[in-house]
Amino acid sequence: MSHTIMPVRLGQILTGKVVEVLYNGFGVVMLNDYPIRMANAFTDETVKFEITQVNRKFARAEVVGIIDPSPDRVEMGKDYLLDVGIAPYVNLRYEAQLKLKQAQVKKIYETAGIAATIAPTIGMAHPIQYRNKTVVPIKYDGEKLVTGFIKRRTPGEILPLTDYYVNDPVIDQTIATVRNILNQHQVTVFDDDTQQGAMRYIMVRRGYYSHELMVVLVSQTATIKDEAIIAQEIVAVVPGIHSVVLNHNPRSLHLLMSGNNRTLWGEDVIHDTLLGIEFEIGPNSFYQVNPQTTEVLYALAAKKAELKLTDTVIDAYSGIGTIGLTVANQVKQVLGVEVIERAVIDAQKNVANNHVENASFITADAPEQMRKWQQSGIKADVIFVDPPRRGLTNELLDAVTEIRPKRFVYVSCNPETMARDAKYLIEKGFHIKGDVQPLDQFPQTAHVEVVTVFEPNN
Ligand code: SAH
């Protein structure tokens, strides 16, 4: 409901009981019919909070005290993670995180009017230090270079960090090492106000199985001072280093990295394996950031697809070919389609490197290409999709309903768009097969991955 007279004002301190945690991770306290949203506030606990932003429809607040804590609250002593938004659920017991994600998916499906059983969320045994990649900003504090994370409430400021909690700890160590080397060489740092200076971000990715490490120096300038020596010094002290790259990103807006890479030392790519298939991963490659749960996710998607050795399978939105290549040995043929050409080139390399004979990848818009395959007489038995957060377009869903595969396996990182798409498919003559399965790809955060399988009605 929209208000003209605001029920709260900036800076006001109030207490209240949290009624739910929204899908974006914020707890909600209701003041009559007016919601107040805040991080680090869990269902049924009473919290004291300060109003930080007031809108017609809701207010934002910061928790300043826990009056009656939830039994699921565990104080981890890492509230700095909340200030930068890295781990909004750091103080929520892991079992409760999994239950919360299941309940949120259930609510989203219910709200969309879809009858479905939501299975308990599959979690990780060791739900921290799982990320295989990170990009961190680098700034100058007047004396030295600092790396950390942008503060949630003051985006111009950086909170210096050494322990990111969710990263592979080797990545955290590498960031500190690289920053110190840049510091010794007095490399300049890009300044948002003057638009001058070189370094903007440090990106590190590390193969979970291969342990190969890539360091990318993202610079506003095409070269950085002492770059060859800096690369040598990194190589001398970072164990497992496989690649040092300079990413030239002169743009001052939004994108963290450009596509413009120059290798300063080593190979242009690192390698890692997923379900036994080796993938080449470049500075810009989209590669799932939690390699452990990705294997669980893909194995589950393949199992739910009930693949047969006679099946033709489409991997729409195929990226560098991860889903298609990991199921290829279970089917007759895999056809992948992906709109970004560079990703398709990577997928084709991955086909060759793994000597897979029955998979091919093509650069195209997925629904258009799926229609072409259909028109040329190819009958897909199973279609996999793993789309971006915005979900599927009606064109793609229409292509699926025309092809009527035996099974349509939808992997989603956004249950809201997935529920919207599920509704559309159900209206067009499909039903959900089995349980909807949430999976915790991003422990300690509000994100949840979901697999839903659809079959055409008889
Ligand atoms: N399955 C892969 C990639 C998932 S990311 C993996 O898990 O690694 C989603 C991919 O969908 C991105 O690579 C994006 O480029 C691609 N994509 C988005 N819209 C598309 C479209 N209309 N047609 C084909 N691919 C598309």
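No value in this document is a laboratory result; all are computed from the given coordinates. Quick caveat, the model's predicted, so the values are computed rather than measured. All Cβ positions, glycine included, derive from the backbone under ideal geometry; neighbour counts span all protein chains shown.
Some values worked out for this structure:
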read-out: Helix-derived mean residue ellipticity, 222 nm - over the chain, DSSP H n ≥ 4, -39500 (n - 2.57), to 500; value: -7500 deg cm²/dmol
read-out: Partners for K332 among lysines (Cα-Cα distance below 24 Å; same-chain residues under 8 apart left out); value: K303, K304, K308, K349, K372, K379, K406, K433
read-out: Theoretical gain in end-to-end length, L309 to R371 [0.36 nm per residue, Cα-Cα removed]; value: 20.0 nm
read-out: Local net charge near K379, Cβ-Cβ under 14 Å (Lys/Arg +1, Asp/Glu -1); value: +4
read-out: Positive minus negative residues near P291 (Lys, Arg vs Asp, Glu; Cβ under 12 Å); value: +1
read-out: Distance histogram in 5 Å bins (all Cα pairs of segment 13-73, percent per bin); value: 4, 23, 35, 26, 9, 2, 0
read-out: Total formal charge among the other residues, if their Cβ is under 14 angstrom from that of Y208, Lys/Arg +1 and Asp/Glu -1; value: -1
read-out: Peptide ranges 107-117, 15-25 listed from the most packed, as the mean C-beta count within 10 angstrom indicates; value: 15-25, 107-117
read-out: Nitroxide proxy distance, nm - points 7 Å out along Cα→Cβ at R9 and E75; value: 3.2 nm
read-out: Volume per residue of the C-alpha convex hull in the chain, rounded to whole Å³; value: 159 Å³
